[in-house]
Amino acid sequence: MDKTLTTNNIAQYFQVTQRTVVQWINQDKLKCFRTPGKHIRVYREDFIKFLKEYHMPVPEELTAVIEALGKKRILIVDDDKSMVAAIDRVLNLENKYELEIAYDGFDAGQRFIAHKPDLVILDIRMPRVDGYKLCLAIRNSPENKDVKILIISGFISEKDKVLFNKLAVNDYFLKPFENDELKMKIANLFLWNRRADDQRSNVAQ
């Protein structure tokens, strides 16, 4: 059976809203089916037919792009290269994330804009631009409201926790970390994202 796509996958591909994709479906422009849970799904083959029928280019890398859309994008930011390597190694073994790396807040800001991560794993004490300034920059843009922020630090004070709350940080953990703890925290954060996506899909339907 061909790989299926969600309305969110297709919306990301075209850089449109899920509501627009649902409208295409309701207008019988894009063929779909519903899962037992009433969620909309589109076969990859039907998606390609849609592109051809409406004279949209079908790039050769379409398959790779769609595969990538199925993976969550994570930006790892820490000036401690050994810590970055440890996180990168753990998450690569999961084989379900696209990973980007930055070693300071300034570089992280540029990579954030270029790669639009779903999650930022972020140290708060770094040279040039610290983690707090990067959090503030992320949260100051309404389009980043669904981006998850996971703080990692060798020390977290009560004052830090107050700032985390003000900056809408989703979760935090201390160095050194247990691999299972890291994987569980990320899984929980993306579970919340999936619940939000399902709620938006239900509203659109």
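The values are calculated or read from the model by the stated rules, or taken from the named source; none is laboratory data. The structure presented is a predicted model; accordingly, all values stated were derived computationally and were not measured. Neighbour counts run over all protein chains shown; Cβ positions are idealised from the backbone, glycine included. All accessible areas refer to the heavy atoms of the entire protein, side chains included, with ligands and DNA or RNA removed. Shrake-Rupley method; radii C 1.70, N 1.55, O 1.52, S 1.80 Å.
Only Cα sites of the chain enter the Debye sum here, all with the same form factor; the resulting log10 I(q)/I(0) across q = 0.09, 0.11, 0.13, 0.15 1/Å is -0.41, -0.59, -0.79, -0.98, listed in q order. Legend: Rg and Dmax of region 102-172, from Cα coordinates, 11.2, 33 Å. Which whole-number percent gives the relative contact order of the chain, counting Cα pairs below 8 Å spaced six or more residues apart? Relative contact order, the chain: 16 percent. The orientation-averaged projected area of the convex hull spanned by the Cα atoms of region 82-125 comes to 3.2 nm². Counting only protein chain heavy atoms and rolling a 1.4 Å probe, the accessible areas of HIS39, HIS55 rank, largest first, as HIS55, HIS39. Ranked by solvent-accessible area (1.4 Å probe, protein heavy atoms only, all chains present), the residues ILE186, ILE48 order from largest to smallest as ILE48, ILE186.
The residue among ILE87, ALA11, SER157 whose Cα reaches farthest toward the positive pole of the charge dipole of the chain, with charges on the beta-carbon of Lys, Arg, Asp and Glu, is ALA11.
Site-free segments of the chain were taken between GluC sites (Glu not before Pro) in DSSP loops having at most 14 other Cβ atoms within 10 Å, sites themselves excluded; the longest one is 62-177. Here the gap between LYS38 and GLU53, fully extended at 0.36 nm per residue and compared with their Cα-Cα distance, gives a gain of 2.7 nm. Against the main long axis of the alpha-carbon atoms of the chain, helix 179-204 sits at an angle near 40°. In this structure, the pairs whose alpha-carbon distance is over 21 Å, taken from LYS38/LYS72; LYS96/LYS183; LYS81/LYS175; LYS133/LYS161, are LYS38/LYS72. For the chain, the carbon plus sulfur part of the accessible surface works out to 51%, probe radius 1.4 Å. The modelled label-to-label distance between ASP28 and SER82, using points 7 Å beyond Cα along the C-beta direction, is 6.6 nm. Exposed loop sites here are chymotrypsin sites (Phe, Trp or Tyr not before Pro) assigned a DSSP state other than H, G, I, E or B and surrounded by at most 14 other beta carbons within 10 Å; excluding them, the longest clear run of the chain is 55-154.
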